[in-house]
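So the structure is just underneath, and the comments pick up after that.
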Amino acid sequence: MHHGHPDDPPTTHEGSPGRGTEGRSGLRVGRFFSRAGIDPFDTVSWERRTARIVGEGGEPVFEQPDVEFPRGWSVIATNVVASKYFHGEPGTPERESSLKQVIRRVAETITDWGGELGYFARTEDAEAFRDELKHILLYQIAAFNSPVWFNVGLEERPQCSACFINSAEDRMESILELAKTEGMLFKFGSGSGTNLSPIRSSRETLSGGGIASGPVSFMKGFDAFAGVIKSGGKTRRAAKMVVLNVDHPDIEAFIDSKAEEEKKAGVLIAAGYDASLTGEAYGSVFYQNANHSVRVPDAFMEAVVADGEWRTRAVTTGETVGTVRARDLFRRIARAAHACGDPGLQFDTTTNRWHTVPRSGRIHASNPCSEYLFLDDSACNLASVNLMRLRSADGDLDVDAFCHTVAVMILAQEILVDCSSYPTDRIARNSHDFRPLGLGYANLGSFLMARGHPYDSDSGRSIAGAITALMTGQAYKTSAEIASVTGPFHAFADNREEMLGVLGRHREGLGAVDSDVVPELLMHRARTVWDEAIELGKHWGY
């Protein structure tokens, strides 16, 4: 972790590595934003205001007077936090009324957990971590995913991850268990993705006779549950991803499923029914609570290019069920997506080429927004860094502040892994064994425009590539530093060569970035941090 100056040493460890807390002394955490003895809350001006959200008819759908926020926070930010993340029944003494309460319960709880688990070398390091995290959250430099705000500091073992990937098997018990698992995830503010291809198609027979329902039929039930279970107990809709492989016999019905429902919604709208997101028109048709994606390998895309045939295969036997012109199927996907936005495409071959733990299993699906792609029955805690809050005086990215923020957030997310609850034993086991984390950034468009770069431009893409490389490299560097104290994740040894190979390709990818348009310091640090991340990883793992 960065200590405030690029020449300072990184976070160091003392004692021997090992996953247990015994015999280790933890990480050293330096201060960058905060000062010892000064509460970050005392560094901003606070004011009381009314949080209010007005509906389409002009009537308030949410209102809470006398809430406390920094003067610099926008009205929109105030309304979002007060309506979504303040805990407690409105109008009761338990209801939170200040941003201080929300940040305090999150930052102090994570710090306490980190101390109990032995992540910090000294009391001063825990205090520094707490203050740095409070500053980052207070100044909107970064933010956790919603379940952290919903649940941390309120339950002994809260659900902290926003993104889950679940498995499905060709058994009724598994299908119904998936519905239960998804419901519990939605209840606590998380989203779920599943590849339903293991479920036999509607063109195959059941073991006891008769024809199977097929995954598209079961999707109606999953969609209905998602529609009635509000995310995190709030008003936000549940988030869901459904994936089907392009060689599944029901792929054509899957491709058309949402577009056909869109036609029905159009008829209802024309008849005068409410066309809003939560209105009667879309509330009366299926598949509106999920994103749909077709999973395609390189072989399918090559068949499209070559104008070849594509075969669908039975789930139970692998035998050919049907043959279709690949271009016709691809055109069908494009037309459906043009009509309603779904389905999207997931590129299976490319995804698994960049998979860091291929010896532990393939990647079959993603979370609802597709930024998390990993093993089935796994969870990912996400956070986002705000680029517009990390600009230097000349308007470029403040590289030191950015790297320090990444390091603090990754450490916080790492602490959350073992202190969270998970809906199934398999997800809990994979979370502890693989410890997947996700870090991204927000406000890229604003950042580029502020520097005079068009969003859709080669120069914009080069700058985005350099920022992404710096963020990812710093995250892996911090991960290796943590591993030097805790030991690596349990499956690292089995996947060591493959993982180092993937990270090496990430480093090599910097060669495609046009360094002529990227600030020299940003480019230099991106290269340097990747060298450090890989060298530390070779020694300690991640």
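The values are calculated or read from the model by the stated rules, or taken from the named source; none is laboratory data. Everything numeric here is computed off the predicted structure, so don't read it as measured data. Don't worry about glycine lacking a Cβ; one is built from the backbone with ideal geometry, like all the others, and counts go over all protein chains shown. The area values use the complete protein model at the heavy-atom level, side chains included, leaving out ligands, DNA and RNA. Shrake-Rupley method; radii C 1.70, N 1.55, O 1.52, S 1.80 Å.
A few notes on this one:
- Among the criteria (1) among the polar types (S, T, N, Q); (2) free of Cβ contacts under 8 Å to residues at least 40 places away in the same chain; (3) closer than 26 Å to E127 by Cα, the one T468 does not fulfil is (3).
- Pick from segment 357-373, criterion over 17 Å from the mean Cα position of the chain (by Cα) and assigned to a loop (DSSP other than H, G, I, E, B), ranking: surrounded by the most Cβ atoms within 10 Å (Cβ to Cβ): V357
- Any chance R157 is modelled with pLDDT under 95, of a type outside the set (S, T, N, Q) and either within 22 Å of the chain's Cα centre (by Cα) or open to solvent by 10 Å² or more (accessible area, probe 1.4 Å) (or both): yes
- Taking segment 315-337 as the range and being surrounded by 18 or more Cβ atoms within 10 Å (Cβ to Cβ) and assigned to a loop (DSSP other than H, G, I, E, B) as the test, only V315 passes.
- The set of residues in segment 273-286 that are modelled with pLDDT of 90 or more and open to solvent by less than 10 Å² (accessible area, probe 1.4 Å) contains only A281.
- In segment 273-286, the residues that are closer than 16 Å to K263 by Cβ reach residues that are outside any helix (DSSP H, G or I) and open to solvent by less than 60 Å² (accessible area, probe 1.4 Å) with C-beta atoms within less than 9 angstrom, at least six apart or across chains, in these pairs: Y273/G279; A281/A275; Y282/A275; Y282/S276; Y282/Q288.
- When each of A493, A475, A466 is tested for being open to solvent by 10 Å² or more (accessible area, probe 1.4 Å), under 22 Å from the mean Cα position of the chain (by Cα) and among the aliphatic types (A, V, I, L, M), the lone residue that passes is A475.
- Count of residues meeting criterion [more than 18 Å from the chain's Cα centre (by Cα) and open to solvent by 30 Å² or more (accessible area, probe 1.4 Å)] in segment 436-461: 11
- The residue that is least open to solvent (accessible area, probe 1.4 Å), among those in segment 31-70 that are among the small types (G, A, S) and modelled with pLDDT under 95, is G55.
- Sub-6 Å Cβ pairs linking a first residue in segment 496-512 that is under 14 Å from K538 (Cβ atoms) and at pLDDT 95 or above to a second residue that is open to solvent by 80 Å² or more (accessible area, probe 1.4 Å) and not in a helix (DSSP H, G or I), at least 6 apart or interchain, are V502/W354, ordered by first then second residue.
- Residue check, S167 without any contact (Cβ under 8 Å) to a residue 40 or more places away in the chain and open to solvent by 10 Å² or more (accessible area, probe 1.4 Å): no
- Scanning segment 381-395 for residues that are modelled with pLDDT of 95 or more and touching a helix residue (DSSP H, G or I) at 6+ places or on another chain (Cβ under 7 Å) yields A383, V385, L387, M388, L390.
- Here M172 meets each of (1) open to solvent by less than 30 Å² (accessible area, probe 1.4 Å); (2) modelled with pLDDT under 95 with one exception, condition (1).
- Which listed residue, of D433, D418, is under 19 Å from P158 (Cα atoms), acidic (D, E), in contact with a Phe, Trp or Tyr (Cβ under 7 Å, 6 or more places away or on another chain) and open to solvent by 30 Å² or more (accessible area, probe 1.4 Å): D433
- Residue that is most open to solvent (accessible area, probe 1.4 Å) [pool: residues in segment 111-154 that are among the polar types (S, T, N, Q) and under 21 Å from the mean Cα position of the chain (by Cα)]: Q140
- The set of residues from segment 347-356 being in contact with a strand residue (DSSP E or B) (Cβ under 7 Å, 6 or more places away or on another chain) and either assigned to a loop (DSSP other than H, G, I, E, B) or not acidic (D, E) (or both) comprises F347, T351.
- Only residues that are open to solvent by less than 50 Å² (accessible area, probe 1.4 Å), in contact with a helix residue (DSSP H, G or I) (Cβ under 8 Å, 6 or more places away or on another chain) and part of a helix (DSSP H, G or I) were counted across segment 499-531, and they come to 12.
- The set of residues in segment 71-101 that are open to solvent by 60 Å² or more (accessible area, probe 1.4 Å), in a helix (DSSP H, G or I) and within 18 Å of F150 (Cβ to Cβ) comprises V80, Q101.
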